[in-house]
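Structure, as structure tokens:
The values are calculated or read from the model by the stated rules, or taken from the named source; none is laboratory data. Bear in mind the structure is a predicted one, so any value in this text is a computation, not a measurement. FYI the Cβ positions are ideal-geometry reconstructions off the backbone, even for glycines, and counts take in every protein chain you see.
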Amino acid sequence: MASDEGFSDFFYPAADGLKLHARIYGEANTVGWPVICLPGLTRNARDFHELALHLSSKVDIPRKVIAFDYRGRGQSDYDPDIGHYNVGVEAGDVLAGMAALGVEQAAFVGTSRGGLIIHVLGALKPTVLKAIVLNDIGPVIEAEGLAHIRSYLDRAPKPKMFAEAADAQRRVHGVDFPALTDIDWARMVRAICRETEAGWVPDFDPALADTLAGIDFGKPLPDLWPQFDGLATVPLLAIRGANSKLLSVATFEEMGRRHPRMESATVEGQGHAPFLETGDLPGKIAAFLDRAEREVISK
């Protein structure tokens, strides 16, 4: 049963027995493709709350929306083996969650790491993908952007008060996100942090930072062009933050040249990764999903 906040909590076991969590919005909605939302490296299902409410209750064709917490994030169990914090295992966890919910196919929205997981799903089980929204992620990750993420994780602040937490996020990310308002920063803190006796702390396993420790940012990172090319038959909306350090303009443009069904949107005043609940993004995403589904039906 949905809570007063518009969603219900769903728990399911991973293949190795770890208890994992997802939020379900619009559980009774059966018309239209369901939408699966996959967050970034250290983010969680709360990242998609406003977008999920929009897609599940504020559009002409409300959809069921499922937002996942990967292992080690949000309400999912932490994994004692940090080697399992990788996109391959996490893609398997998403498939396990879909199976537990009886969802065979869906449209996918992937922010950052979530987009990488979509690339893996396209290789593992391409039939699950009906449409794709990639939020500031592509087959090439810029080392500068990933180094910035690692640097932030290594020195993440531990504020005592909520206002301090919002100010801390603004200090770190404000240069790349001049378009955000005080309300946006406050919403960000509530999405990525949890309140404890020690203050507002990031809502993920601290060991996640260790998974980036061995990366040599002086060398080019492996790309996923073959996996991206494998998505060529799936309708795609690619979103890029104009100030992104992770997804370059060159990669963004090359994605458009390679993918015959790609639509694109650049979000001014935001970096990595754009807040999908801001501006006209909810409407753009909803309209894209509607177009993609109508195209399939009309064939």
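Of Asp77, Asp47, all but one fail to be touching a His at 6+ places or on another chain (Cβ under 9 Å) and in contact (Cβ under 8 Å) with a residue 24 or more places away in the chain; the exception is Asp77.
Residues in region 176-193 include at least one that is part of a strand (DSSP E or B), in contact (Cβ under 8 Å) with a residue 24 or more places away in the chain and either crowded, with 18+ Cβ neighbours inside 10 Å or in contact with a strand residue (DSSP E or B) (Cβ under 8 Å, 6 or more places away or on another chain) (or both). Residue check: is Gly218 within 20 Å of the chain's Cα centre (by Cα) and in a loop (DSSP other than H, G, I, E, B)? So Gly218 fails the test. A residue that is at pLDDT 95 or above, more than 24 Å from Arg150 (Cβ to Cβ) and surrounded by 15 or more Cβ atoms within 10 Å (Cβ to Cβ) occurs nowhere in region 209-226.
In region 109-126, how many residues are assigned to a loop (DSSP other than H, G, I, E, B) and touching a Gly at 6+ places or on another chain (Cβ under 7 Å)? Residues in region 109-126 being assigned to a loop (DSSP other than H, G, I, E, B) and touching a Gly at 6+ places or on another chain (Cβ under 7 Å): 1 in total. If only residues of region 93-102 that are closer than 26 Å to Asp223 by Cα and buried (at least 19 other Cβ atoms within 10 Å of the Cβ) are counted, the one that is farthest from the chain's Cα centre (by Cα) is Asp93. Listed by position, the strands (runs of 3 or more DSSP E) enclosed by region 6-100 that each have at least 2 residues that are in contact with a Phe, Trp or Tyr (Cβ under 6 Å, 6 or more places away or on another chain) are 19-25, 35-38, 65-69.
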